[in-house]
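The values are calculated or read from the model by the stated rules, or taken from the named source; none is laboratory data. Values in this document were obtained by computation on a predicted structure and should not be read as measured data. With ideal geometry, Cβ positions are generated from the backbone for all residues, glycine too; neighbour counts draw on all protein chains shown. Remember, those area values only see protein heavy atoms, side chains included, never the ligands or the DNA or RNA. Shrake-Rupley method; radii C 1.70, N 1.55, O 1.52, S 1.80 Å.
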Amino acid sequence: MGDDSQSWTAAPGAAERARSVLTAAWSCAVTAEGTREEFVGAHTVTDDGRVLLEVPEDSVLRAAAICAPRGEPSAVLEFADVAPVPVRDRIRARLWLAGWFSDRDGPLAFRPTRVVLRQQSGAVLVDPGEFATAAPDPLATAEARLLTHLADCHADAVERLTRLVDTSSLHGAVRVQPLAVDRHGLTLRIERVRAGGDVRLPFHAPADDLAQLTERMHVLLAQAAAASCPRALQRRRTDDDVAGGRPAA
(Lines give C-alpha, C1' and ligand atoms only; values in the text may rest on other atoms or scores of the structure.)
Protein backbone atom coordinates (compact mmCIF):
# COMPACT_ATOMS: atom_id res chain seq x y z
CA MET A 1 0.00 0.00 0.00
CA GLY A 2 1.32 3.42 -0.91
CA ASP A 3 2.33 6.00 1.65
CA ASP A 4 0.47 9.32 1.48
CA SER A 5 2.25 10.55 4.59
CA GLN A 6 2.58 14.31 4.85
CA SER A 7 4.75 14.21 7.96
CA TRP A 8 6.02 11.18 9.82
CA THR A 9 7.69 13.31 12.48
CA ALA A 10 6.90 12.66 16.12
CA ALA A 11 6.55 8.91 15.57
CA PRO A 12 7.58 6.14 17.96
CA GLY A 13 11.04 4.66 17.58
CA ALA A 14 11.55 1.04 16.55
CA ALA A 15 12.22 -0.24 20.09
CA GLU A 16 9.18 1.55 21.50
CA ARG A 17 7.02 0.33 18.63
CA ALA A 18 8.23 -3.25 19.12
CA ARG A 19 7.46 -3.14 22.84
CA SER A 20 4.02 -1.72 22.07
CA VAL A 21 3.25 -4.55 19.65
CA LEU A 22 4.35 -7.07 22.27
CA THR A 23 2.32 -5.42 25.04
CA ALA A 24 -0.92 -5.22 23.07
CA ALA A 25 -0.72 -8.64 21.37
CA TRP A 26 -3.19 -11.24 22.59
CA SER A 27 -1.74 -14.23 20.73
CA CYS A 28 1.60 -15.48 19.49
CA ALA A 29 3.02 -18.20 17.29
CA VAL A 30 6.04 -20.14 18.56
CA THR A 31 8.40 -22.13 16.37
CA ALA A 32 10.73 -24.56 18.15
CA GLU A 33 12.19 -27.98 17.44
CA GLY A 34 10.77 -27.84 13.91
CA THR A 35 7.20 -27.43 15.12
CA ARG A 36 4.91 -24.40 15.27
CA GLU A 37 2.33 -23.82 17.97
CA GLU A 38 -0.25 -21.05 18.35
CA PHE A 39 -1.04 -19.67 21.80
CA VAL A 40 -3.93 -17.33 22.64
CA GLY A 41 -4.02 -15.41 25.90
CA ALA A 42 -1.11 -17.44 27.24
CA HIS A 43 1.67 -14.89 27.56
CA THR A 44 2.59 -11.91 29.71
CA VAL A 45 5.51 -9.50 29.42
CA THR A 46 7.95 -8.39 32.10
CA ASP A 47 9.29 -4.86 32.42
CA ASP A 48 12.55 -5.86 30.73
CA GLY A 49 10.86 -7.42 27.69
CA ARG A 50 10.96 -11.10 28.65
CA VAL A 51 7.94 -13.14 27.63
CA LEU A 52 6.36 -15.48 30.17
CA LEU A 53 4.44 -18.23 28.39
CA GLU A 54 2.03 -20.71 29.97
CA VAL A 55 2.43 -24.08 28.22
CA PRO A 56 1.33 -27.64 29.03
CA GLU A 57 3.80 -29.84 30.87
CA ASP A 58 4.10 -32.16 27.86
CA SER A 59 4.62 -29.31 25.39
CA VAL A 60 7.43 -29.49 22.83
CA LEU A 61 8.46 -26.04 24.04
CA ARG A 62 9.15 -27.26 27.54
CA ALA A 63 11.28 -30.09 26.16
CA ALA A 64 13.14 -27.58 23.98
CA ALA A 65 13.79 -25.35 26.98
CA ILE A 66 15.30 -28.27 28.89
CA CYS A 67 17.42 -29.65 26.04
CA ALA A 68 18.72 -26.52 24.31
CA PRO A 69 22.18 -25.25 25.41
CA ARG A 70 21.71 -22.19 27.57
CA GLY A 71 22.14 -18.94 25.70
CA GLU A 72 21.61 -20.47 22.25
CA PRO A 73 18.47 -19.59 20.28
CA SER A 74 15.89 -22.28 20.88
CA ALA A 75 12.71 -20.70 19.56
CA VAL A 76 11.20 -17.88 17.51
CA LEU A 77 8.12 -16.03 18.72
CA GLU A 78 5.95 -14.12 16.23
CA PHE A 79 3.41 -11.44 17.09
CA ALA A 80 1.05 -9.67 14.69
CA ASP A 81 -0.22 -6.14 15.19
CA VAL A 82 -3.74 -6.12 13.72
CA ALA A 83 -5.71 -2.92 13.14
CA PRO A 84 -8.83 -2.98 15.33
CA VAL A 85 -10.87 -1.07 12.73
CA PRO A 86 -11.81 -3.03 9.56
CA VAL A 87 -9.55 -1.86 6.73
CA ARG A 88 -7.65 -3.47 3.89
CA ASP A 89 -4.30 -4.96 4.88
CA ARG A 90 -5.13 -5.03 8.59
CA ILE A 91 -1.67 -6.28 9.63
CA ARG A 92 0.08 -3.07 10.64
CA ALA A 93 3.28 -4.72 11.84
CA ARG A 94 4.86 -8.07 12.70
CA LEU A 95 7.35 -8.70 15.47
CA TRP A 96 9.76 -11.64 15.63
CA LEU A 97 11.74 -12.52 18.74
CA ALA A 98 14.48 -15.15 18.53
CA GLY A 99 16.00 -16.34 21.76
CA TRP A 100 15.90 -19.03 24.41
CA PHE A 101 13.48 -20.40 26.95
CA SER A 102 14.46 -21.15 30.50
CA ASP A 103 12.59 -23.93 32.24
CA ARG A 104 11.07 -22.97 35.57
CA ASP A 105 8.12 -23.75 37.72
CA GLY A 106 5.03 -22.30 36.12
CA PRO A 107 5.39 -20.35 32.86
CA LEU A 108 8.40 -20.62 30.57
CA ALA A 109 10.52 -17.49 30.50
CA PHE A 110 11.69 -16.42 27.05
CA ARG A 111 14.58 -13.98 26.71
CA PRO A 112 14.98 -12.49 23.21
CA THR A 113 18.46 -12.22 21.75
CA ARG A 114 17.34 -11.00 18.32
CA VAL A 115 14.42 -8.65 17.64
CA VAL A 116 13.03 -7.87 14.18
CA LEU A 117 10.16 -5.45 13.56
CA ARG A 118 8.52 -5.26 10.15
CA GLN A 119 6.22 -2.39 9.25
CA GLN A 120 5.03 -1.01 5.92
CA SER A 121 8.26 0.95 5.68
CA GLY A 122 10.25 -2.29 5.86
CA ALA A 123 11.98 -4.53 8.38
CA VAL A 124 14.38 -3.23 11.00
CA LEU A 125 16.67 -5.03 13.43
CA VAL A 126 16.10 -3.70 16.95
CA ASP A 127 18.97 -3.73 19.41
CA PRO A 128 18.09 -6.21 22.21
CA GLY A 129 19.38 -3.82 24.85
CA GLU A 130 17.22 -0.98 23.56
CA PHE A 131 14.28 -3.37 23.35
CA ALA A 132 14.77 -4.42 26.98
CA THR A 133 14.87 -0.85 28.30
CA ALA A 134 12.21 0.66 26.03
CA ALA A 135 8.77 1.35 27.45
CA PRO A 136 5.66 0.50 25.44
CA ASP A 137 3.43 3.33 24.31
CA PRO A 138 1.19 4.34 27.26
CA LEU A 139 -1.88 4.10 25.00
CA ALA A 140 -1.03 0.66 23.58
CA THR A 141 -3.48 -1.39 25.63
CA ALA A 142 -6.30 1.14 25.16
CA GLU A 143 -5.72 1.76 21.44
CA ALA A 144 -8.20 -0.83 20.14
CA ARG A 145 -11.03 0.55 22.25
CA LEU A 146 -10.16 4.15 21.36
CA LEU A 147 -10.03 3.54 17.61
CA THR A 148 -13.23 1.49 17.40
CA HIS A 149 -15.06 4.15 19.42
CA LEU A 150 -13.75 6.87 17.11
CA ALA A 151 -14.75 4.94 13.99
CA ASP A 152 -18.16 3.79 15.25
CA CYS A 153 -19.34 6.84 17.17
CA HIS A 154 -17.46 9.81 15.77
CA ALA A 155 -17.30 9.35 11.99
CA ASP A 156 -18.05 13.06 11.67
CA ALA A 157 -14.86 13.85 13.60
CA VAL A 158 -12.83 11.60 11.30
CA GLU A 159 -14.33 13.45 8.32
CA ARG A 160 -13.39 16.81 9.84
CA LEU A 161 -9.83 15.62 10.40
CA THR A 162 -9.44 15.01 6.67
CA ARG A 163 -9.35 18.81 6.30
CA LEU A 164 -5.80 18.56 7.64
CA VAL A 165 -4.83 16.23 4.79
CA ASP A 166 -3.45 17.47 1.48
CA THR A 167 -6.15 17.35 -1.17
CA SER A 168 -3.83 15.32 -3.41
CA SER A 169 -3.80 12.55 -0.80
CA LEU A 170 -7.60 12.48 -0.78
CA HIS A 171 -7.97 12.22 -4.56
CA GLY A 172 -10.11 9.18 -5.38
CA ALA A 173 -10.69 8.32 -1.72
CA VAL A 174 -13.75 6.17 -1.06
CA ARG A 175 -13.30 5.80 2.70
CA VAL A 176 -11.14 7.16 5.50
CA GLN A 177 -10.71 5.23 8.73
CA PRO A 178 -8.62 5.74 11.88
CA LEU A 179 -5.81 3.20 11.59
CA ALA A 180 -3.60 3.81 14.62
CA VAL A 181 -3.06 6.11 17.55
CA ASP A 182 -0.11 6.44 19.89
CA ARG A 183 1.26 9.08 22.21
CA HIS A 184 2.80 10.90 19.23
CA GLY A 185 -0.13 11.15 16.84
CA LEU A 186 -3.07 9.71 14.91
CA THR A 187 -2.79 7.79 11.65
CA LEU A 188 -5.62 7.75 9.09
CA ARG A 189 -6.00 5.06 6.42
CA ILE A 190 -7.19 6.54 3.10
CA GLU A 191 -8.76 3.82 0.98
CA ARG A 192 -9.33 4.08 -2.76
CA VAL A 193 -10.90 1.61 -5.15
CA ARG A 194 -7.66 -0.21 -5.89
CA ALA A 195 -5.08 1.31 -3.61
CA GLY A 196 -4.69 3.59 -0.64
CA GLY A 197 -2.27 5.10 1.79
CA ASP A 198 -1.76 6.32 5.33
CA VAL A 199 -1.50 9.87 6.60
CA ARG A 200 0.03 10.80 9.93
CA LEU A 201 -1.44 13.66 11.99
CA PRO A 202 1.15 14.39 14.71
CA PHE A 203 0.12 15.82 18.07
CA HIS A 204 1.61 19.12 19.20
CA ALA A 205 3.00 17.29 22.27
CA PRO A 206 3.11 13.66 23.44
CA ALA A 207 0.03 12.26 25.18
CA ASP A 208 0.98 10.14 28.15
CA ASP A 209 -2.54 9.27 29.31
CA LEU A 210 -6.16 9.35 28.15
CA ALA A 211 -6.79 12.85 29.51
CA GLN A 212 -3.88 14.22 27.50
CA LEU A 213 -5.00 12.27 24.44
CA THR A 214 -8.44 13.90 24.67
CA GLU A 215 -6.80 17.33 24.74
CA ARG A 216 -4.55 16.47 21.77
CA MET A 217 -7.54 15.28 19.73
CA HIS A 218 -9.42 18.49 20.54
CA VAL A 219 -6.43 20.47 19.28
CA LEU A 220 -6.41 18.52 16.01
CA LEU A 221 -10.15 19.10 15.56
CA ALA A 222 -9.68 22.80 16.27
CA GLN A 223 -6.93 22.92 13.65
CA ALA A 224 -9.27 21.17 11.22
CA ALA A 225 -12.01 23.70 11.95
CA ALA A 226 -9.57 26.57 11.41
CA ALA A 227 -8.43 25.00 8.14
CA SER A 228 -12.01 25.10 6.87
CA CYS A 229 -12.79 28.63 8.11
CA PRO A 230 -11.81 30.54 4.95
CA ARG A 231 -14.24 28.57 2.79
CA ALA A 232 -17.00 28.78 5.41
CA LEU A 233 -16.50 32.54 5.80
CA GLN A 234 -16.50 32.95 2.03
CA ARG A 235 -19.81 31.10 1.73
CA ARG A 236 -21.32 33.18 4.53
CA ARG A 237 -20.19 36.43 2.94
CA THR A 238 -21.61 35.37 -0.41
CA ASP A 239 -24.95 34.48 1.18
CA ASP A 240 -25.06 37.84 3.02
CA ASP A 241 -24.27 39.71 -0.16
CA VAL A 242 -27.05 37.98 -2.07
CA ALA A 243 -29.51 38.58 0.79
CA GLY A 244 -28.59 42.28 0.81
CA GLY A 245 -29.04 42.68 -2.91
CA ARG A 246 -25.33 43.10 -3.58
CA PRO A 247 -23.68 41.06 -6.32
CA ALA A 248 -21.43 38.30 -5.09
CA ALA A 249 -17.71 38.85 -5.65
Exercise. Can you list the residues, at least 5 places off or on another chain, whose amide H is less than 5 Å from the amide H of residue 55, using H built in the peptide plane?
Worked result: 108
Seminar exercise, completed: Of 137, 208, 81, the most mobile residue in a GNM of the chain (C-alpha springs, cutoff 10 Å) is 208
Exercise. Rounded, prolate or oblate: which fits the chain, taking a ≥ b ≥ c as square roots of the Cα gyration tensor eigenvalues, rounded meaning a/c under 1.5, else prolate when a/b beats b/c?
Worked result: prolate
Problem set entry | Most mobile of 74, 168, 27 in a GNM of the chain (Cα contacts under 10 Å) | 168
Problem set entry | Rough spin-label spacing in nm, given labels placed 7 Å along Cα→Cβ, for residue 46 and residue 144 | 2.5 nm
Seminar exercise, completed: The ³J(HN,Hα) series, computed from each phi in region 96-105 with the Karplus coefficients 6.51, -1.76 and 1.60 at θ = phi - 60°, rounded to the nearest Hz and given as x for glycine or proline, is 10, 10, 9, x, 9, 8, 10, 6, 7, 5
For this session: Would you look at the GNM of the chain, springs on alpha carbons closer than 10 Å, and say which of 19, 216, 194 moves the most?
Result: 194
Seminar exercise, completed: So residue 36 and residue 195, fully extended at 0.36 nm per residue minus their Cα-Cα distance, gain in nm 53.9 nm
For this session: Quantify, in whole percent, the carbon and sulfur part of the accessible surface of region 76-227 (1.4 Å probe; protein heavy atoms only).
Result: 54 percent
Problem set entry | Per residue accessible area in Å² of the chain, where ligands, DNA and RNA are left out and the probe is 1.4 Å | 52 Å²
For this session: Would you please classify the overall shape of region 8-48 from the alpha carbon gyration tensor, given that a ≥ b ≥ c denote the square roots of the eigenvalues, rounded means a/c under 1.5, and beyond that prolate means a/b larger than b/c while oblate covers the rest?
Result: prolate
Problem set entry | Efficiency of FRET between residue 204 and residue 63 - r from beta-carbon atoms, R0 30 angstrom, step 0.05 | 0.05
Seminar exercise, completed: A chain fully extended from residue 212 to residue 102 at 0.36 nm per residue, minus the present Cα-Cα distance, gains in nm 35.6 nm
Problem set entry | Computed FRET value (nearest 0.05) for residue 219 with residue 54, which takes r as the C-beta separation and R₀ as 35 Å | 0.25
